[in-house]
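Structure record follows, encoded as structure tokens.
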Amino acid sequence: MPLPEVPSGAQAAPPRAVDHAVIDLLRVDDGLGIGGLASSLGVTATAVRQRLDRLMRQGLVERSTTSGRRGRPSHTYRLTESGRRIGGDNFHDLAIVLWREIRSVSDAEVRRGLIGRIGTSLAGLHRDEVRGATPRDRLRDVAALMRRNQIACVVEEPVGPDEVARTPSGEVPRGGLPVLTSYACPYPDLAEQDRGICAAERVMIEELVGRPVRLAECRLDGGSCCRFSMAEAGPEGVAGGGGVGTLRAEATPRRMPSERPPGRDPRRGRPSRSSSNPNPESVS
């Protein structure tokens with residue numbers, strides 16, 4: 001009976017901890033059989049078959065059949081391209097180092113240009129997933145995209161001037177356009193070092209939605225969420241619709257955690273009681 005395949009475009013669940021041993025063996029010796037795997041793992045052939053079945057359903061292992069002159073055909077197992085990539089996608093340290101290099105650029109115009117291009121490039125990675133006919137529909141597509149990437153967020157619809165509504169963040173968006181509210185940061189370690197990554201994220205959302213976007217509230221200022229307000233289309237168009245001054249403020253390098261003055265929690269970015277930042281998009 002053929003194994004069910006992972007639907008195209010679906011994200012397979014990560015392999016179980018006990019299955020990683022099979023992946024590691026096949027990484028070293030590609031093309032092992034049931035007997036070889038059972039001997040190396042010290043488990044029964046039945047247990048090996050169960051693990052291989054799971055890995056094949058996830059698209060991480062494939063089976064080859066060899067027909068001999070006598071007896072039943074033999075099966076060998078090897079990693080697929082997806083299986084070979086397991087464990088090799090940790091870019092955390094590289095991202096931190098690259099972002100530190102960006103924030104070390106002394107020319108402010110060059111630094112802002114780099115951040116704007118990063119936001120545009122991020123949008124290019126996901127443009128095919130955002131297909132809404134209107135800016136409001138595209139903002140919903142962006143929220144769905146973020147949720148698929150394990151970022152908790154919602155789109156808060158506006159209310160009329162005489163209406164009262166309570167949103168998950170406790171705010172009441174008024175006017176004619178929705179607000180994208182994110183309860184988790186996609187790049188928490190980078191954001192703690194430099195708010196420029198917030199600018200890049202805002203540019204990405206602008207590019208995907210097709211409308212200027214403003215970072216109205218930020219968790220780095222002690223808020224419970226980040227709120228991206230969509231504005232009416234302005235004369236400057238989509239790219240940089242938040243305004244050059246906005247990108248200039250957002251792209252200003254923040255102090256490293258060790259450089260921050262007393263009274264700020266480096267894990268939450270919360271200011272002390274004696275300090276406040278009325279403008280979420282400005283950086284001290």
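The values are calculated or read from the model by the stated rules, or taken from the named source; none is laboratory data. On a predicted model such as this, the values are computed, not experimentally measured, just so you know. Ideal geometry is used to build each Cβ from the backbone, glycine not excepted, and the neighbour counts take in all protein chains shown.
Could we say that Ser104 is of a type in the set (Gly, Ala, Ser) and in the same structural domain as Cys198 (by TED's automatic domain parsing) here?
Against the criterion (of a type in the set (Gly, Ala, Ser) and in the same structural domain as Cys198 (by TED's automatic domain parsing)), Ser104 qualifies.
Going residue by residue through the stretch 144-153, is there one that turns out to be among the β-branched types (Val, Ile, Thr), modelled with pLDDT of 85 or more, surrounded by 10 or more Cβ atoms within 10 Å (Cβ to Cβ) and assigned by TED's automatic domain parsing to the domain that holds Ala231? So that I can check it myself, show each step before the final result.
Going residue by residue through the stretch 144-153, those that are among the β-branched types (Val, Ile, Thr) are 151.
Next, from what is left, pick out any that are modelled with pLDDT of 85 or more: 151.
Remaining after also requiring surrounded by 10 or more Cβ atoms within 10 Å (Cβ to Cβ): 151.
Cutting the leftovers down to assigned by TED's automatic domain parsing to the domain that holds Ala231 gives us 151.
Yes; the residues of the stretch 144-153 include at least one that is among the β-branched types (Val, Ile, Thr), modelled with pLDDT of 85 or more, surrounded by 10 or more Cβ atoms within 10 Å (Cβ to Cβ) and assigned by TED's automatic domain parsing to the domain that holds Ala231.
Would you confirm whether any residue within the stretch 57-66 is modelled with pLDDT under 80, more than 26 Å from Glu129 (Cβ to Cβ) and not β-branched (Val, Ile, Thr)?
No: the stretch 57-66 contains no residue that is modelled with pLDDT under 80, more than 26 Å from Glu129 (Cβ to Cβ) and not β-branched (Val, Ile, Thr).
Can you tell me which residues in the stretch 118-135 are touching a Lys or Arg at 6+ places or on another chain (Cβ under 9 Å), surrounded by 12 or more Cβ atoms within 10 Å (Cβ to Cβ) and not small (Gly, Ala, Ser)?
Those that are touching a Lys or Arg at 6+ places or on another chain (Cβ under 9 Å), surrounded by 12 or more Cβ atoms within 10 Å (Cβ to Cβ) and not small (Gly, Ala, Ser): Glu129, Val130, Pro135.
Which ones in the stretch 190-202 are of a type in the set (Asp, Glu) and either at pLDDT 85 or above or in a loop (DSSP other than H, G, I, E, B) (or both)?
Residues satisfying the conditions are Asp194, Glu201.
Which numbered condition trips up Arg51, out of (1) farther than 17 Å from Asp19 by Cα; (2) in a helix (DSSP H, G or I); (3) of a type in the set (Lys, Arg)?
(1)
Looking only at the stretch 173-182, decide whether some residue is at pLDDT 85 or above and either surrounded by fewer than 17 Cβ atoms within 10 Å (Cβ to Cβ) or within 13 Å of the chain's Cα centre (by Cα) (or both).
yes
Out of (1) charged (D, E, K, R); (2) closer than 17 Å to Leu32 by Cα; (3) exposed (fewer than 14 other Cβ atoms within 10 Å of the Cβ), the odd one out for Asp93 is which?
Exception for Asp93: condition (2).
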